[in-house]
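These notes concern the structure reproduced below.
The values are calculated or read from the model by the stated rules, or taken from the named source; none is laboratory data. Note that this is a predicted model, so its numbers are computed, not measured. Neighbour counts are summed over all protein chains in view; Cβ atoms, including those assigned to glycine, are modelled from backbone coordinates with ideal geometry.
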Amino acid sequence: MSESLTANNNFVPPTADEVREIAAAYGITLTADQAESHAGVIAGAVPAYSRLRELPEVRPDVKYPRTPGYRPPPEENPYNAWYWRCSVKGAPEGILAGKTVAIKDAVCVAGVPMMNGSALLDGFVPDIDATVVTRILDAGGEIVGKAVCENLCVTGGSNSAATGPVLNPHNPEYATAGSSSGCAALLVNGDCDMAIGGDQGGSIRMPSSWSGCYGLKPTYGLVPYTGAFGIEMTVDHLGPMARSTHDVALLLEAIAGRDPMDPRQRDDVVVQPYTEALIGDISDLTIGVMSEGFGWEGGSQDVDEVVRSAISNFDSLGANMIDISVPSHLDGFPVFLGMFAEGTFIQMFLCNGFGTGWNGYYPMAAMEHFGRGFKTKAHSLSATAQYLLIHGHYMMDRYNGQFYAMAQNQRPALRAAYDRALEEVDLLVMPTCAPEGVAMKHIADPTIEELFATGWTMGNNTSPFNLTGHPAISVPCGKHDGLPVGLMLVGKHFDEATVLRAAHAFESTGIYEM
């Protein structure tokens with residue numbers, strides 16, 4: 001157990017004055033005698049909490065030795081994409097032997113400092129490996145560092161991390177997108193072979209698109225989330241990023257599968273031999289060009305044309321291409337926002353980053369450090385994190401969770417709309433980012449409005465699939481004004497093999513060069 005937990009978490013019951021303050025916050029008026037009575041009843045729990053503290057802590061084993069590593073100097077970190085460098089070597093053999101992997105700094109690596117992009121976690125060192133980290137090491141991979149992520153991962157921009165903006169390797173004046181910003185920049189710069197990103201509204205796919213690499217948001221629940229800071233449990237995803245579809249498929253093979261510690265997973269998780277699906281032949285596939293993915297207000301017709309031109313190559317590869325419409329897609333972002341603001345407020349800010357009410361592993365040290373940081377350093381939150389805190393609090397307090405409930409209740413219908421389309425076709429295709437299809441310039445000393453505009457305007461096509469859980473990959477498909485453009489392929493639940501097969505066939509044409 002961490003020193004801070006040992007030092008700070010012995011149960012001390014409230015005084016009568018504290019009881020009265022708590023009650024008053026809820027509009028309850030207690031007499032002095034009533035407050036004393038409540039305080040006495042709560043004090044009766046001291047033996048139970050004391051015994052709970054005496055029980056040995058249950059946590060996942062850390063299987064592989066490592067040293068803490070170091071914070072790289074600027075000359076080793078030209079795009080400010082590394083938070084921390086390290087070398088954690090896994091098994092001597094396995095499918096990832098010889099591969100170097102960066103881990104988004106929202107994911108725990110034992111003994112290696114972790115910040116989740118925020119000063120709230122400054123100084124925190126995890127005592128566990130996330131399940132995906134253990135699986136990478138078991139497969140022979142080497143963890144070579146923690147990639148910068150955005151402040152608590154709540155923006156699609158790349159300018160909110162406490163360590164400073166992450167720069168786009170194609171042009172450092174531009175953003176990489178986020179929140180897996182560091183992962184994308186490191187991959188494109190050749191600093192690692194693979195990366196683990198996180199995706200709640202597009203945070204794997206958006207930086208992959210703006211930076212020019214491959215990034216897969218798997219089916220919800222395919223890849224365990226255990227040991228990673230979440231945002232909203234019903235949309236939390238971890239997934240692979242790489243410079244090739246083969247490496248995305250290979251990393252997915254290593255990390256996918258059932259983990260009883262993760263409540264996001266069902267018992268019917270389906271794992272496939274993903275690398276075996278990369279056969280180059282897609283002549284048996286029907287791909288639907290989804291009309292609602294194009295033509296967003298404020299978007300660039302030129303960027304849409306880059307994507308449409310790239311999509312035409314699927315036809316030349318032998319796929320049957322048809323136009324398809326899913327009108328509900330236009331409601332995806334409103335439903336997402338209705339769920340996301342309040343869900344984030346509850347899980348992250350009220351419940352120390354991990355929420356309550358689920359059966360799985362709770363990272364105690366991470367929760368304690370985050371909770372303490374939030375109580376003392378909330379002023380350090382980025383503008384986008386402040387926005388979600390204020391927005392979520394207001395919605396919960398003013399509307400009693402009604403809008404959150406409305407949004408959650410819309411999810412089955414939205415999923416069904418895509419499922420109906422996927423009965424007609426094997427895959428859907430559209431631009432990854434919309435309306436901002438290419439990277440935006442970094443702004444010096446941005447206003448709150450500018451931070452919001454550069455961090456929340458590119459997820460109209462990505463966020464709906466966090467709600468519905470469908471697998472989706474961003475594939476670099478061209479450039480506009482020297483900046484990468486991505487297309488997104490969306491497939492049936494647990495059919496990552498088909499998604500990757502089509503992405504690999506497109507990659508094999510050589511249309512896009514890193």
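Where in the range 109-221 are there strands (runs of 3 or more DSSP E), lying wholly inside it, with at least 3 residues that are more than 13 Å from the chain's Cα centre (by Cα) and not polar (S, T, N, Q)?
Correct list: 142-147, 171-175.
I need a count of the residues in the range 338-361 that are free of Cβ contacts under 8 Å to residues at least 24 places away in the same chain and out of contact with any Phe, Trp or Tyr (no Cβ under 6 Å at 6 or more places or on another chain).
So the count comes out to 4.
Just to be sure I understand the filter: pairs with C-beta atoms under 6 Å, separated by 6 or more residues or on different chains, first member in the range 364-384 and closer than 14 Å to Gly353 by Cα, second member among the charged types (D, E, K, R). Which pairs pass?
Close Cβ pairs satisfying both conditions: Ala365/Asp127.
Identify all residues within the range 242-275 that are in a loop (DSSP other than H, G, I, E, B) and more than 22 Å from Thr226 (Cα to Cα); write none if there are none.
Within the range 242-275, Arg243, Ser244, Pro273 meet the criteria.
Among the listed residues Gly459, Gly455, Gly437, Gly482, which satisfies the condition of being assigned by TED's automatic domain parsing to the domain that holds Gly178 and either of a type in the set (Asp, Glu) or over 17 Å from Gly201 (Cα atoms) (or both)?
Numbers: Gly459 fails: either of a type in the set (Asp, Glu) or over 17 Å from Gly201 (Cα atoms) (or both); Gly455 fails: either of a type in the set (Asp, Glu) or over 17 Å from Gly201 (Cα atoms) (or both); Gly437 fails: either of a type in the set (Asp, Glu) or over 17 Å from Gly201 (Cα atoms) (or both).
Matching residue, one of Gly459, Gly455, Gly437, Gly482: Gly482.
Looking at the range 444-490 only, could you name the residues that are in a strand (DSSP E or B) and surrounded by fewer than 24 Cβ atoms within 10 Å (Cβ to Cβ)?
First, pick out the residues of the range 444-490 that are in a strand (DSSP E or B): 459, 472-480, 483-490.
Listed by number, the residues that qualify are Gly478, Lys479, His480, Leu483.
From the set of residues in the range 384-424 that are part of a helix (DSSP H, G or I) and of a type in the set (Gly, Ala, Ser), which is surrounded by the most Cβ atoms within 10 Å (Cβ to Cβ)? Can you show your working first?
Let us first name the residues in the range 384-424 that are part of a helix (DSSP H, G or I), namely 384-399, 402-424.
Okay, now just the ones that are also of a type in the set (Gly, Ala, Ser), so 385, 392, 405, 407, 413, 416-417, 421.
On the way: Ala385: 24, Gly392: 22, Ala405: 14, Ala407: 21, Ala413: 12, Ala416: 12, Ala417: 18, Ala421: 19.
Checked the range 384-424; the qualifying residue surrounded by the most Cβ atoms within 10 Å (Cβ to Cβ) is Ala385.
Which one of these is among the small types (Gly, Ala, Ser) and out of contact with any Ser or Thr (no Cβ under 8 Å at 6 or more places or on another chain): Gly357, Gly332, Gly318?
Among Gly357, Gly332, Gly318, only Gly357 is among the small types (Gly, Ala, Ser) and out of contact with any Ser or Thr (no Cβ under 8 Å at 6 or more places or on another chain).
Condition check: of a type in the set (Lys, Arg), over 30 Å from Arg20 (Cβ atoms) and either surrounded by fewer than 17 Cβ atoms within 10 Å (Cβ to Cβ) or in contact (Cβ under 8 Å) with a residue 40 or more places away in the chain (or both). Does Arg51 satisfy that?
When the stated conditions are applied, Arg51 does not pass them.
Kindly list the number of the only condition in (1) at pLDDT 95 or above; (2) crowded, with 16+ Cβ neighbours inside 10 Å; (3) not hydroxyl-bearing (Ser, Thr, Tyr) that fails for Glu305.
(2)
Given the criteria at pLDDT 95 or above, under 20 Å from the mean Cα position of the chain (by Cα) and closer than 30 Å to Asp495 by Cβ, does Tyr361 qualify?
Spelling it out, Tyr361 is indeed at pLDDT 95 or above, under 20 Å from the mean Cα position of the chain (by Cα) and closer than 30 Å to Asp495 by Cβ.
How about the range 434-458: which of its residues are closer than 19 Å to Glu292 by Cβ and touching a helix residue (DSSP H, G or I) at 6+ places or on another chain (Cβ under 8 Å)?
Ala434, Gly437, Met458 - these are the residues of the range 434-458 that are closer than 19 Å to Glu292 by Cβ and touching a helix residue (DSSP H, G or I) at 6+ places or on another chain (Cβ under 8 Å).
Here's the yes/no breakdown for (1) within 29 Å of the chain's Cα centre (by Cα); (2) in a helix (DSSP H, G or I); (3) hydroxyl-bearing (Ser, Thr, Tyr):
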| residue | (1), (2), (3) |
| --- | --- |
| Ser283 | no, no, yes |
| Ile287 | yes, no, no |
| Gly299 | yes, no, no |
| Val303 | yes, yes, no |
| Val306 | yes, yes, no |
| Asn313 | no, yes, no |
| Asp323 | no, no, no |
| Phe333 | yes, yes, no |
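Which of (1) closer than 29 Å to Asn168 by Cβ; (2) more than 16 Å from the chain's Cα centre (by Cα); (3) β-branched (Val, Ile, Thr) does Val235 not meet, given it meets every other one?
Result: Val235 fails condition (2) only.
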